[in-house]
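Visitor: Dumping the structure here so I can ask a few things about it.
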Amino acid sequence: MADERALIEQYRQDLFHLTNMARKDLADFLYQVKGLPVAQVRDLLIQVMPDLVNPYLSASGELSATWYEDLRSAVGARGQFYAQTDTRWVQQSQANAVSRWAVGALTQDIDDPNALLLSKLGGAVQRMVLDSARGVVEGNVVRDPVRVGYQRMPRPGCCAFCGMLASRGAVYRSSESAGGVVGRGSTRTGFSASGKRLAGGIGQGIKARGQMNLGDRYHDDCHCIVMPVFFGTPLAEIANIEQKKYLGMYSDVAGGTTKEILASWRLEHGTN
């Protein structure tokens with residue numbers, strides 16, 4: 001299990017190294033356009049964002065495909081499987097929306113609007129880079145012929161929203177369920193270590209916890225990764241330990257609307 005945990009933590013560090021490099025490139029660009037009219041900054045951002053971010057999406061996709069194969073090999077999953085990258089490129093419409101939203105920082109009467117602009121864009125770019133990585137894991141889980149799910153793995157001290165979703169365990173088997181809010185039905189969500197589906201969760205629950213849609217996903221500056229869970233292996237043990245931790249935290253505050261649950265979580269567990 002120690003080897004698998006080392007692979008997980010190294011992967012997390014490598015991903016955040018990529019996001020930090022992307023943020024640096026973004027900061028360098030914003031320094032060059034500092035002082036220009038807001039509309040011009042917006043138009044330049046729309047133009048350059050795909051070229052600036054796409055190389056990091058490609059890198060995170062390749063990294064995740066390699067990691068998937070390494071984990072698969074480490075736990076001795078049967079058969080030979082070559083992971084695909086499925087890189088999620090920045091679409092022009094996405095660059096347009098993000099740029100128009102972020103440059104609003106430059107119109108605010110604050111001490112350093114450029115710092116706020118970098119913070120907003122940096123969070124959005126981090127999400128793009130990690131979403132590319134998450135998508136590769138999700139896609140290969142669906143393709144893999146062996147029994148495998150995937151699980152949201154937050155960083156220690158994660159926000160209440162991510163902790164709530166991590167309490168679902170390894171219930172994910174499609175991109176539609178990834179990152180969503182678990183349905184009510186039972187606290188026994190997901191799969192057992194042997195791969196048997198337990199009662200409740202996304203498969204049994206009808207109503208989402210609180211008022212959130214079942215398809216809600218990751219947020220900007222989210223530090224969660226997605227881990228493939230090969231049942232009957234040390235990865236399943238790691239997944240179960242993680243899920244129990246967050247399920248226990250969720251049980252402490254369950255009840256009411258999602259907004260009330262998250263507020264109680266922050267108060268009870270001292271997180272954002």
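Visitor: Per residue, how many Å² of accessible area does region 41-170 show with a 1.4 Å probe?
Guide: Ligands and nucleic acids excluded, the figure is 40 Å² per residue.
Visitor: Moving to a separate point now. For MET21, what is the net charge nearby, where nearby means another residue's Cβ is under 14 Å from its Cβ and Lys, Arg count +1, Asp, Glu -1?
Guide: It works out to a net charge of -1.
Visitor: So how much slack lies between SER119 and VAL38, counting 0.36 nm per residue of separation and subtracting their Cα-Cα distance, in nm?
Guide: 27.5 nm
Visitor: Turning to a different aspect of this structure: Round to a whole number: what % of the accessible area of region 75-117 belongs to carbon and sulfur, probe 1.4 Å?
Guide: Summing carbon and sulfur atoms, their accessible area is 46 percent of the total for region 75-117.
Visitor: Taking the Cα-to-Cβ direction at ALA97 and at SER264 and moving 7 Å from each Cα, how far apart do the two end points lie in nm?
Guide: 3.2
Visitor: Using only the Cα atoms, work out Rg/Rh for region 4-59, with Rh taken as the Kirkwood radius, to two decimals.
Guide: Ratio of gyration radius to Kirkwood radius: 1.16.
Visitor: A further question on this structure: Hey, got a sec? Which trypsin sites (Lys or Arg not before Pro) in region 4-81 land in a DSSP loop and have at most 16 other Cβ atoms within 10 Å?
Guide: Within region 4-81, the qualifying trypsin sites (Lys or Arg not before Pro) (loop, at most 16 other Cβ atoms within 10 Å) are LYS34, ARG78.
Visitor: Along Cα→Cβ, 7 Å out, is where each label goes; now give me the distance between the ones at GLN47 and MET1 in nm to one decimal.
Guide: Between GLN47 and MET1, the label points sit 5.5 nm apart.
The values are calculated or read from the model by the stated rules, or taken from the named source; none is laboratory data. Remember, predicted model here, so these are calculated numbers, not experimental data. Cβ sites come from the backbone with ideal geometry, for glycine too, and all protein chains shown count toward neighbours. Quick note on the areas: whole protein, heavy atoms, side chains included, nothing else; ligands and nucleic acids left out. Shrake-Rupley method; radii C 1.70, N 1.55, O 1.52, S 1.80 Å.
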